[in-house]
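Report on the following structure.
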Amino acid sequence: MKNTILRILVLITFLSCKHQNDTRDVGTIQDEKKMFIEVDSLYGKTLEYNYGDHVYEVNFISENELYWKCIKGSEKGKDATDKYSALRLDNSTLFVSWVEKDGLGVSQVIDLQNNTVKTFLKMNKEIVPLIGTIRKL
C-alpha cells in the first residue's frame, strides 16, 4: 500500500513539474494551434502535397487560380496553371476541385488541422484515390 501511494505521489510530482516548464498560458497555446488551422481561403498559400512516390507544390495564386508543379516522381518538372473552385467545409477543411488542360479532373479534401490531403483523380471513366500529407511552404 505504501509503495502504491509513493508511486502516485512521484507521478503527480513529475506531471506537475512537467506542466510548470511550459510557461505559455492556455490562450497562447490555443492561438498557436489556430495559426494554420482556421482558414477562409487558400489564396496566397503554397502547400506541398506528399503522396510518397510523388510530391507536388501547389501555389494558390488567386481566389480561383492555382499553379502546381511536380517536384518528385514520374511527372517531375511537369507544371501548369489551372482555374479551381473551393468550398470551406469547416474551420480547417476545404474542398478544392479543378480540371487540367489534358482533361484530368482533380478533387481534393484538404484538412489543415491534420495536415492531410485526400485526392480523387478522374481519368477517363476511372476514379483514382490518393491520400497524402500537407506541409505549408
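Please enumerate the residues belonging to the stretch 125-134 that are over 18 Å from TYR43 (Cα atoms) and part of a strand (DSSP E or B).
Step one: filter the stretch 125-134 for residues over 18 Å from TYR43 (Cα atoms), giving 125-133.
Hits for the stretch 125-134 are GLU126, ILE127, VAL128, PRO129, LEU130, ILE131, GLY132, THR133.
Any idea which of (1) more than 14 Å from LEU42 (Cα to Cα); (2) more than 14 Å from the chain's Cα centre (by Cα); (3) of a type outside the set (A, V, I, L, M) is the one SER97 doesn't satisfy?
(1)
Could you tell me whether the stretch 79-89 includes any residue that is in contact with a helix residue (DSSP H, G or I) (Cβ under 9 Å, 6 or more places away or on another chain) and modelled with pLDDT under 95? Don't jump to the end; show me each part of the working.
Residues of the stretch 79-89 in contact with a helix residue (DSSP H, G or I) (Cβ under 9 Å, 6 or more places away or on another chain): none.
No, the stretch 79-89 contains no residue that is in contact with a helix residue (DSSP H, G or I) (Cβ under 9 Å, 6 or more places away or on another chain) and modelled with pLDDT under 95.
For the stretch 69-97, enumerate the residues that are touching a Lys or Arg at 6+ places or on another chain (Cβ under 9 Å) and part of a strand (DSSP E or B).
Those that are touching a Lys or Arg at 6+ places or on another chain (Cβ under 9 Å) and part of a strand (DSSP E or B): LYS69, CYS70, ASP79, ALA80, ASP82, LEU94, PHE95.
State which residue pairs qualify: first residue crowded, with 20+ Cβ neighbours inside 10 Å and inside the stretch 46-61, second residue part of a strand (DSSP E or B) and among the small types (Gly, Ala, Ser) in any location, beta carbons under 9 Å apart, and separation of 6 or more residues or different chains.
Final answer for the pair search is TYR49/GLY132; TYR56/GLY132; PHE60/ALA86.
Of the residues LEU121, LEU87, which is among the aliphatic types (A, V, I, L, M), in contact with a strand residue (DSSP E or B) (Cβ under 6 Å, 6 or more places away or on another chain) and open to solvent by less than 80 Å² (accessible area, probe 1.4 Å)?
Values: LEU87 fails: open to solvent by less than 80 Å² (accessible area, probe 1.4 Å).
Residue meeting the stated conditions: LEU121.
Going by the structure shown, is LYS122 at pLDDT 95 or above and over 23 Å from GLY44 (Cβ atoms)? Full working, then the answer.
Details: at pLDDT 95 or above: yes; over 23 Å from GLY44 (Cβ atoms): yes.
Yes.
Can you name the residue in the stretch 54-68 that is β-branched (Val, Ile, Thr) and part of a strand (DSSP E or B) and is also farthest from TYR43 (Cα to Cα) among such residues? Full working, then the answer.
So in the stretch 54-68, the residues β-branched (Val, Ile, Thr) come out as 55, 58, 61.
Still in the running and part of a strand (DSSP E or B): 55, 58.
Working: VAL55: 20, VAL58: 11 Å.
Only one residue fits best here, namely VAL55.
Determine if the stretch 102-111 includes at least one residue that is loosely packed, with under 11 Cβ neighbours inside 10 Å, in a strand (DSSP E or B) and modelled with pLDDT of 95 or more. Can you show your working first?
First, pick out the residues of the stretch 102-111 that are loosely packed, with under 11 Cβ neighbours inside 10 Å: 102-103.
This time we only want the ones that are in a strand (DSSP E or B), so: none.
No - not one qualifying residue is present in the stretch 102-111.
The values are calculated or read from the model by the stated rules, or taken from the named source; none is laboratory data. These numbers come from a predicted model, not from an experiment. Here the Cβ is made from the backbone with ideal geometry for all residues, glycine too, and neighbour counts use every protein chain on show. Remember, those area values only see protein heavy atoms, side chains included, never the ligands or the DNA or RNA. Shrake-Rupley method; radii C 1.70, N 1.55, O 1.52, S 1.80 Å.
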